[in-house]
Amino acid sequence: MSQLLPHPDRFLPPETTELSIARRIYAEVETKPIYSPHGHVSAALLAENSRFPDPAALLITPDHYVTRLLHASGVSLARLGLSRDGQPSTVSGREIWREFCSRWDLFLGTPVRAWFESELSQVFGLTKQPSSADADSLYDQIDDALGTDEFLPRALLERFDIHVLATTDDPADNLAAHRTLRDDDSVRTHILPTFRADRYMLADHPDWAKSLAELASAAQIDCGTYAGLLAALRHQRAFFRSLGATATDSGVADAGCEPLSDAAAERLHRKALNHTITPDEAISYRHNMLYRFAEMSSEDGLVMQLHPGVIRNHHQPTFASYGPDTGHDLPDNGSFSRPLIPILRDFGTNPQFRVVLFSVDETVFSREIAPLAGFYPSVFAGAPWWFLDAPSAMRRYREAVTETIGFSKTSGFIDDTRAFCSIPARHDMARRVDAAYLASLVAEHRISEEDAIATALDLVTERPIDTFRLPR
Amino acid sequence: MSQLLPHPDRFLPPETTELSIARRIYAEVETKPIYSPHGHVSAALLAENSRFPDPAALLITPDHYVTRLLHASGVSLARLGLSRDGQPSTVSGREIWREFCSRWDLFLGTPVRAWFESELSQVFGLTKQPSSADADSLYDQIDDALGTDEFLPRALLERFDIHVLATTDDPADNLAAHRTLRDDDSVRTHILPTFRADRYMLADHPDWAKSLAELASAAQIDCGTYAGLLAALRHQRAFFRSLGATATDSGVADAGCEPLSDAAAERLHRKALNHTITPDEAISYRHNMLYRFAEMSSEDGLVMQLHPGVIRNHHQPTFASYGPDTGHDLPDNGSFSRPLIPILRDFGTNPQFRVVLFSVDETVFSREIAPLAGFYPSVFAGAPWWFLDAPSAMRRYREAVTETIGFSKTSGFIDDTRAFCSIPARHDMARRVDAAYLASLVAEHRISEEDAIATALDLVTERPIDTFRLPR
Amino acid sequence: MSQLLPHPDRFLPPETTELSIARRIYAEVETKPIYSPHGHVSAALLAENSRFPDPAALLITPDHYVTRLLHASGVSLARLGLSRDGQPSTVSGREIWREFCSRWDLFLGTPVRAWFESELSQVFGLTKQPSSADADSLYDQIDDALGTDEFLPRALLERFDIHVLATTDDPADNLAAHRTLRDDDSVRTHILPTFRADRYMLADHPDWAKSLAELASAAQIDCGTYAGLLAALRHQRAFFRSLGATATDSGVADAGCEPLSDAAAERLHRKALNHTITPDEAISYRHNMLYRFAEMSSEDGLVMQLHPGVIRNHHQPTFASYGPDTGHDLPDNGSFSRPLIPILRDFGTNPQFRVVLFSVDETVFSREIAPLAGFYPSVFAGAPWWFLDAPSAMRRYREAVTETIGFSKTSGFIDDTRAFCSIPARHDMARRVDAAYLASLVAEHRISEEDAIATALDLVTERPIDTFRLPR
């Protein structure tokens, strides 16, 4: 297949069905182990290895992908088991499950339905679609399964064949669960902490001083000064690395990163502690912190994951009643090329530095992320995620970035989920969508089937390992 | 079909042609009655039921979809029959029609051509494509048809099987035509007024005081104060509702809606009447009015239709000569999530309140409109319209929004047209495009054909009824 | 085919493969002569007709499409033969070629690989794909070919069947090479200069005064005043036109074009020469100059090509070491409709004026460029270029603009390349992608095959001739 034979039909439409090609590609990756370098499964869940709670508490209530569309159809979050105004929910798991089953049709055409179909069928062995009529029987079947040892978290971890699972953790975390898991020879998955320091950047947040105190206590370094905060963060990064961390995660309002002089930053730090920092100064402080995170990454090699451009807690009344992560974080306009100039100017060609860019605004895929990743050796195009982790959107992502950066500068799939049981379904969907995309390139004679298969394999194994510096 | 059977080929490309599936889906909706909840047909036209004027005055001159592309190819608007500088056109209908026919190829690949093909063929029974050679003969055939009773407006209304037709009306309108139509038992279509109060928001517009005077006269409530204006608007909304209105319509430069205190709004109202309002104050006044419209909708249940982001009258010389709506309104950057915060904060979860969002910037479909409609029970994703009411754009819309909100939070098709005879062609195109999209989901084993058919039916009947609170 | 027969399956998916249709369309255009109205081939190269240098200096080092992705994978620009800090490169052509061949897989799925496949195969007659194993042998084969008369620039120009080739030239250029080529009867290609006056607009650039001096010398008109600069530019435009120029080219940071009074512009000109112009004033000066360029185009009929919205030299350290055009020019947010108002207000309906709009932000295709070209007779939608000149992006362009403007207001393909040997491959790719798109319209019964073929022919011949006012 090393012949140069530009096909006479290249770029013209396919002659035959792409399905047989796609099937062959997919067959090569279908059962490969899962690398999950970015997600929100709790390490404690795995360390404790306790039984999962009831079906609703496992599958509905904590998953804002599910609750948001139920809410959009008129179901209050309280009826879905979310705690309101600090009061524990009194709605039973069975009632929540019935609510979900009665509105199953809402999810038609969404990835949530597809994940549930895979998960209910392949993890729990159910055979019927959710409906009001079958709600109770399905509930009982899942509940029964959760009572068995085969459904303990670690049994599932093994069954799902997850080779690497990265969690998301606060820098003040003592990582006790990660230590337990590391020291347990029966755990064959690499479970890696990820350093997410967002709250230390927000100098005008009411809880900022409290956050500093917690970090100071964890690192045993006073954070009353800016220099102290940087030292504590560096200390904790080293601690995270000692427990296997290979990456950090930063969710910021925007990607601005203009550095400040130490003196200027120190002055803002003091003003923030005195509650006299202005909103603009707090932004400058945050921008400088992002720059410092990149600087630290260029020193210690932790891969920086960056996802700016989300409007958090869009509906204040819901936030006030139910708290954060309840489905009303919304995409903002994405912007990378201009705001990231300071970081890329200073670390963009530093071989130690690496940054993976994620967006919920798909216009940036072809306009900013691919062009950046197509020049800077340190920049990688993160997989489409959150609102965009669905078959058509994933396809658009590949179509938007491949012509600029091929496959080598894309991150490979990340599941980004707190829904543990959906992990195999999510990775499987991504493998299928990539197989379909690769098959379309083969069918249009853009690439050979041999190259397509090699690429599919690369995307599920080498891309995540290389991008996130994962253990093999 | 209630079995959980995630297909082994799901998300892979289709094995067989999607056409047979699409045909079966389309066959189920092809002849269903039309619900047209948003358009610009004149109620007076139907009340008077007079013969349509000549073919050009019916099909060319008033339709900026048609004239804009002719103008772009170098034909002056005057040659297309538009009145220039207040002078009546002296170009004959036949000359205008010839101009159009000679440039028929300009429209290749556009929906305008597709609508004409359907309309000329299926409404007028023509068999030949427009061309210079056949222009006169086609003109005569249409003109002859227009002279017959079968082509009177109400005969067509019946023939088109339009179950609901919403018009667009000024709050100062006395709705005499709507009353006539309501009281005429031979009219089986529900013809509903829509409350469009744009001009009352524009406090620095030279005609604003005149607008207030007209509203005051209609409502018999003095509009010299802000409180009076609100009272008059409320009064007229109730009047519109008494004649069947279920919705309002707001076309605004942007979706900003920060409320003002009554005292502040009253002060700006006074300044505007004294012609001392500044441009920034006029914007504040407009933003407050948009908020008040939402507040009124939350009280009276009229569905708010909102389409911000159009640059009106881009070419001032054309506006000066020919007036508004002459083809140079252009899309602006769309923005919803941030500017709409005040309205959604206060009414977003109010079950009485409902807002349908339309855009001519398709980047907002996946980034803003679907995420908003995917959380807020009050928010619905309006159909792609205006520049985007064409097969490929409609498909992109479905692909952009379905994975976030499924189908239940989409509005169903709206034709938004002043070209009465094109209504069936436009609805038919939308039904075909949706059938094709649904067939693609079936072919990729994302949904069952049974669900696809149910969804297609839902989109032409229940979605518009539910979204716009229409009579059955 | 002039019958009006809206197909019963229109807008539904295709019944049969589109390939046979696409093949028939492509066959009609495959061997048509090339019109290249916008590119960066050097006229001197053709006038001198010297042998091309070694394979790397021909194919790798000067082409930032190639070097940027190699750089993104960690290869320094110095290793690719780029001159660093003014020092000539010491890396041999063979070493550079080996580097490229060893990383051939990086380009999988990109147009660069596709162009290379065509070019190596069809221009150089190679049969093997680049790889480390075959690097030397491929190098030798290309190098041998370059030593033969068949590979002299003019022999290739003839072989490529290029009917028109526009270069890009500085207004101070004496166009000696163009004169030589014009006066040589053996040159059958029309080789036209293009007037690119960007540097004269940048009044705060350190080299601005030097630029003025060069222009003054070329035009023999003093440029110490704004009036003098305008006169010199007008003089040189006439000179360019005398040598066949039909177009200008403007690459600007943004499309702002608010005119200044002569007195105000003169004042800024003086301040710039005194180095006292502020950044905001320099922007005003540039905006006024863009307006003046449009004014001149409306007088002399040179077609204005406009491509705003590129962030030049994003990575300052690379710019400092290697200079401009080294792969880190990045797309900015595109914006046309608002900033272009002054030019379009004053010249938008002037039949002498014509502007072709290019963008590297594809969101503007449906939102701004097509709507503008769909009203203004002077505005044409430029082909997708630079980051977007690849099969999937070209297809998205057609899908984004056709429904608003059909085909007649699109420019036809431009190759925009400095890689002379890639010209046939690039035009061939565009013809194939357009054939595929047209076939999809035929297969969905949106247009007839006869119209599709006529359109394909129009796109390769009449569109560029008409848009750029080219000689036949």
Open item on the list: Go through the stretch B:442-470 and report how many residues are at positive phi and not basic (Lys, Arg).
Closed with: 1
Task: Yes/no for residue A:188 being assigned to a helix (DSSP H, G or I), open to solvent by 40 Å² or more (accessible area, probe 1.4 Å) and of a type outside the set (S, T, N, Q) - done: no
Task: Hey, residue B:280 in a strand (DSSP E or B) and more than 14 Å from every other protein chain (Cβ to nearest Cβ) or not - done: no
Task: In the stretch C:272-326, the residues that are among the hydroxyl-bearing types (Ser, Thr, Tyr) and either touching a Cys at 6+ places or on another chain (Cβ under 6 Å) or open to solvent by less than 30 Å² (accessible area, probe 1.4 Å) (or both) - done: C:285, C:291, C:297, C:298, C:318, C:321, C:326
TODO: Being out of contact with any strand residue (DSSP E or B) (no Cβ under 9 Å at 6 or more places or on another chain), part of a helix (DSSP H, G or I) and of a type outside the set (Ser, Thr, Tyr) is the filter here, so list the residues in the stretch C:399-425 that pass it.
DONE: C:399, C:400, C:403, C:420, C:421, C:425
TODO: Would you check which residues across the stretch B:244-257 are within 23 Å of residue B:36 (Cα to Cα) and crowded, with 18+ Cβ neighbours inside 10 Å and list them?
DONE: B:244, B:245, B:246, B:247, B:248, B:249, B:250, B:252
Open item on the list: From the list B:418, B:431, exactly one residue is within 12 Å of chain C (Cβ to nearest Cβ) and open to solvent by 10 Å² or more (accessible area, probe 1.4 Å). Which is it?
Closed with: B:431
Task: Of all residues making up the stretch A:122-181, the number that are in contact with a Pro (Cβ under 6 Å, 6 or more places away or on another chain), open to solvent by 20 Å² or more (accessible area, probe 1.4 Å) and on the phi > 0 side of the Ramachandran plot - done: 1
- [ ] Considering only residues that are in a loop (DSSP other than H, G, I, E, B) and under 16 Å from residue C:49 (Cα atoms), look in the stretch C:157-167 and name the one that is nearest to the chain's Cα centre (by Cα).
- [x] C:167
- [ ] For residue B:46, indicate whether it is under 21 Å from residue B:94 (Cα atoms) and either in contact with a Phe, Trp or Tyr (Cβ under 9 Å, 6 or more places away or on another chain) or of a type in the set (A, V, I, L, M) (or both).
- [x] no
Open item on the list: Would you confirm, using the coordinates I've provided, whether residue C:425 is under 28 Å from residue B:23 (Cβ atoms), surrounded by 23 or more Cβ atoms within 10 Å (Cβ to Cβ) and touching a helix residue (DSSP H, G or I) at 6+ places or on another chain (Cβ under 6 Å)?
Closed with: no
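Yes or no, residue by residue, for (1) touching a Lys or Arg at 6+ places or on another chain (Cβ under 6 Å); (2) of a type in the set (Asp, Glu); (3) closer than 26 Å to residue B:71 by Cα:
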position	(1), (2), (3)
C:407	no, no, yes
C:415	yes, yes, no
C:420	no, no, no
C:429	no, no, no
C:445	yes, no, no
C:449	no, yes, no
C:468	no, no, yes
Task: Some residue of the stretch C:399-407 being in contact (Cβ under 8 Å) with a residue 60 or more places away in the chain, open to solvent by 10 Å² or more (accessible area, probe 1.4 Å) and farther than 20 Å from residue A:405 by Cα - done: no
- [ ] Name, by its number, the condition in (1) over 30 Å from residue C:420 (Cβ atoms); (2) in contact with a strand residue (DSSP E or B) (Cβ under 8 Å, 6 or more places away or on another chain) that does not hold for residue C:240.
- [x] (1)
Task: Those residues of the stretch C:444-454 which are touching a residue at least 24 places away in the same chain (Cβ under 8 Å) and open to solvent by 10 Å² or more (accessible area, probe 1.4 Å), in sequence order - done: C:444, C:445, C:446, C:448, C:449, C:450, C:451, C:453
Open item on the list: Of everything in the stretch B:442-453, what is assigned to a helix (DSSP H, G or I) and more than 12 Å from chain C (Cβ to nearest Cβ)? Give them in sequence order.
Closed with: B:449, B:450, B:451, B:452, B:453
Task: helices (runs of 4 or more DSSP H) (entirely within the stretch A:28-121) containing at least 1 residues that are within 14 Å of chain B (Cβ to nearest Cβ) and either surrounded by fewer than 18 Cβ atoms within 10 Å (Cβ to Cβ) or of a type in the set (Val, Ile, Thr) (or both) - done: A:64-72, A:93-102, A:111-118
Task: Residues (more than 10 Å from chain A (Cβ to nearest Cβ), among the aliphatic types (A, V, I, L, M) and over 22 Å from residue B:65 (Cα atoms)) located in the stretch C:364-402 - done: C:383
Task: Residue within the stretch C:345-363 that is part of a helix (DSSP H, G or I), at the interface with chain B (Cβ under 9 Å from one of its Cβ atoms), in contact with a His (Cβ under 7 Å, 6 or more places away or on another chain) and open to solvent by 10 Å² or more (accessible area, probe 1.4 Å) present - done: yes
- [ ] Select from the stretch A:122-156 the residues that are of a type in the set (A, V, I, L, M, F, W, C) and either part of a loop (DSSP other than H, G, I, E, B) or without any contact (Cβ under 8 Å) to a residue 12 or more places away in the chain (or both) and list them in ascending order.
- [x] A:124, A:126, A:133, A:152, A:155
Open item on the list: Among (1) open to solvent by 30 Å² or more (accessible area, probe 1.4 Å); (2) over 19 Å from residue B:202 (Cβ atoms); (3) within 14 Å of chain C (Cβ to nearest Cβ), there is one condition residue B:341 misses while meeting the rest; what is its number?
Closed with: (3)
Task: Hey, residue B:380 buried (at least 24 other Cβ atoms within 10 Å of the Cβ) and assigned to a loop (DSSP other than H, G, I, E, B) or not - done: no
Task: Filtered residues of the stretch C:189-215 (kept if out of contact with any Lys or Arg (no Cβ under 9 Å at 6 or more places or on another chain), of a type in the set (A, V, I, L, M, F, W, C) and farther than 23 Å from residue C:43 by Cβ) - done: C:209, C:212, C:213
TODO: Any chance you could count how many residues in the stretch B:296-333 are facing chain C (nearest Cβ under 9 Å) and not hydroxyl-bearing (Ser, Thr, Tyr)?
DONE: 12
Open item on the list: Going by what's in this entry, would residue A:260 be described as within 24 Å of the chain's Cα centre (by Cα) and modelled with pLDDT of 95 or more?
Closed with: no
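The values are calculated or read from the model by the stated rules, or taken from the named source; none is laboratory data. Quantities reported herein were computed from a predicted structural model and do not represent experimental measurements. Quick reminder, even Gly has a Cβ in these numbers, built from the backbone with ideal geometry, and neighbours come from all protein chains shown. Surface accessibility is based on the protein's heavy atoms, side chains included, excluding ligands, DNA and RNA. Shrake-Rupley method; radii C 1.70, N 1.55, O 1.52, S 1.80 Å.
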